[in-house]
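Here's the structure, in structure tokens; my notes come after.
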Amino acid sequence: MKRHLQHIQYAFKGYRTAFKLLFGTRLAWFLVVPPIVYALTFLGSQFLGEAVSEKSTLVFNLWIDVDAWDFWGASYIGPFVSGFVKVMVRILFFLLMAYLSGTITLILLSPFLAFLSERTEQHLTGRNDYPFHLLQFVRDVVRGIGIALRNAVLQLGFTLFFFFIGFVPVVGWIISIVGSFVVPAYFYGFSFMDYIHERRRLSLAESVQEVRRHKWMAIVLGTPCWLAMFIPLIGSFFAAYAALFSTVAATAAMFEVPQYRNVKENKSLGTPTNVQLPR
């Protein structure tokens, strides 16, 4: 329990560091990224939503052969049915995008978050052991996208589980409510913490193990991004900003772990890529 409380403390301290770095250093230019990502997401979803609804309505009309209706009132009922289908498809698409918006935001931000995490570590350690290599950068981005997709699938599975267990009185309600909050926050935090694991060349399995060791840190780090998604219409906009601060906070928090702190304070320990996380 003491270790978990310490990890929670590290996460909150990491957020204090994140505010200082993003508002007071050369990292501040990252703050212009969320509006761009939100604009791309919004315009893309509008275009895709319109295309899906139009195509779905066309397919539905061909299926029921609405043009061949010749009964009384068909000229009124046909357009009404087509319009109803179009509206329902748009609503379903909107709900789907609302559920996936967090994952989409993390995918679009992945190149920036990987770079931001690296620059944060350089600022905290005073080292520059990560010269830019395009191939490695692409690998980091692909891994970040893969982590986001993996977590989205797992999160969907847990969401369905909590939905069905919510039908069980009292105990099921408690599990459903608590789980529906904690699990998504954990997976968001996982994504933010994995950038530093990638630079340590940890495999996905090793990263999963390390995040589980610091699960309460992950939950705290992922909570702002998860809560931002509940803001109507512009949730993904605030989630993008939360992702920036959480990525910096995750990097700073991990350096509160003793072995990382040693890297920060003792440059004779070798390059960070050779430093192992505590087991």
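When V183 is evaluated against the numbered criteria (1) within 24 Å of A253 (Cα to Cα); (2) part of a loop (DSSP other than H, G, I, E, B); (3) β-branched (V, I, T), which criterion, by number, is the only one it fails?
(2)
Out of curiosity, is S110 part of a helix (DSSP H, G or I), surrounded by 18 or more Cβ atoms within 10 Å (Cβ to Cβ) and touching a residue at least 60 places away in the same chain (Cβ under 8 Å)? Can you show your working first?
Numbers: part of a helix (DSSP H, G or I): yes; surrounded by 18 or more Cβ atoms within 10 Å (Cβ to Cβ): yes; touching a residue at least 60 places away in the same chain (Cβ under 8 Å): no.
So S110 fails the test.
Would you confirm, using the coordinates I've provided, whether G179 is over 16 Å from the mean Cα position of the chain (by Cα) and either at pLDDT 85 or above or hydroxyl-bearing (S, T, Y) (or both)?
Yes.
Got at least one residue in region 149-171 being in a helix (DSSP H, G or I), of a type in the set (G, A, S) and buried (at least 17 other Cβ atoms within 10 Å of the Cβ)?
Our first condition is that a residue be in a helix (DSSP H, G or I); within region 149-171, this holds for 149-165, 171.
Narrowing the set further to residues that are of a type in the set (G, A, S) leaves 152, 157.
Then drop every residue that is not buried (at least 17 other Cβ atoms within 10 Å of the Cβ), which leaves 152.
Among the residues of region 149-171, at least one is in a helix (DSSP H, G or I), of a type in the set (G, A, S) and buried (at least 17 other Cβ atoms within 10 Å of the Cβ), which makes the answer yes.
Restricting attention to region 174-186, does a residue exist that is in contact (Cβ under 8 Å) with a residue 60 or more places away in the chain and touching a helix residue (DSSP H, G or I) at 6+ places or on another chain (Cβ under 8 Å)?
Let us first name the residues in region 174-186 that are in contact (Cβ under 8 Å) with a residue 60 or more places away in the chain, namely 184.
From what's left, touching a helix residue (DSSP H, G or I) at 6+ places or on another chain (Cβ under 8 Å): 184.
Yes, the conditions are met somewhere in region 174-186.
Can you name every residue in region 92-109 that is within 9 Å of the chain's Cα centre (by Cα) and among the hydroxyl-bearing types (S, T, Y)?
S101, T103, T105
Of the conditions (1) exposed (fewer than 12 other Cβ atoms within 10 Å of the Cβ); (2) within 23 Å of L106 (Cβ to Cβ); (3) not hydrophobic (A, V, I, L, M, F, W, C), K2 satisfies every one except a single condition; which number is it?
(2)
Looking at F137, is it modelled with pLDDT under 80, more than 18 Å from the chain's Cα centre (by Cα) and assigned to a helix (DSSP H, G or I)? Step through it out loud before you land on a result.
Working: modelled with pLDDT under 80: yes; more than 18 Å from the chain's Cα centre (by Cα): yes; assigned to a helix (DSSP H, G or I): yes.
Considered against the rule, which asks whether it is modelled with pLDDT under 80, more than 18 Å from the chain's Cα centre (by Cα) and assigned to a helix (DSSP H, G or I), F137 comes out as yes.
Which is in a helix (DSSP H, G or I) and either over 28 Å from the mean Cα position of the chain (by Cα) or modelled with pLDDT under 75 (or both), of V89, V59? Please lay out each step first, then the result.
Values: V89 fails: either over 28 Å from the mean Cα position of the chain (by Cα) or modelled with pLDDT under 75 (or both).
None of the other options fit; the residue is V59.
What are the pairs with Cβ atoms under 8 angstrom where one residue, in region 230-252, is closer than 16 Å to I107 by Cα and among the aliphatic types (A, V, I, L, M) and the other, located anywhere, is modelled with pLDDT of 80 or more and outside any helix (DSSP H, G or I)? Sequence gap at least six, or different chains.
Taking only residues 6 or more apart or on different chains, the pairs are A239/M229.
Of all residues in region 186-208, which are of a type in the set (S, T, Y) and either at pLDDT 90 or above or assigned to a helix (DSSP H, G or I) (or both)? Let's see the steps before the verdict.
In the first step, residues of region 186-208 are kept if they are of a type in the set (S, T, Y); the result is 186, 188, 191, 195, 203, 207.
Residues satisfying the conditions are Y186, Y188, S191, Y195, S207.
The values are calculated or read from the model by the stated rules, or taken from the named source; none is laboratory data. Since the model is a prediction, treat every value here as computed from it, not as a measurement. Reconstructed Cβ throughout: ideal geometry from the backbone, glycine too, with neighbour counts over all protein chains shown.
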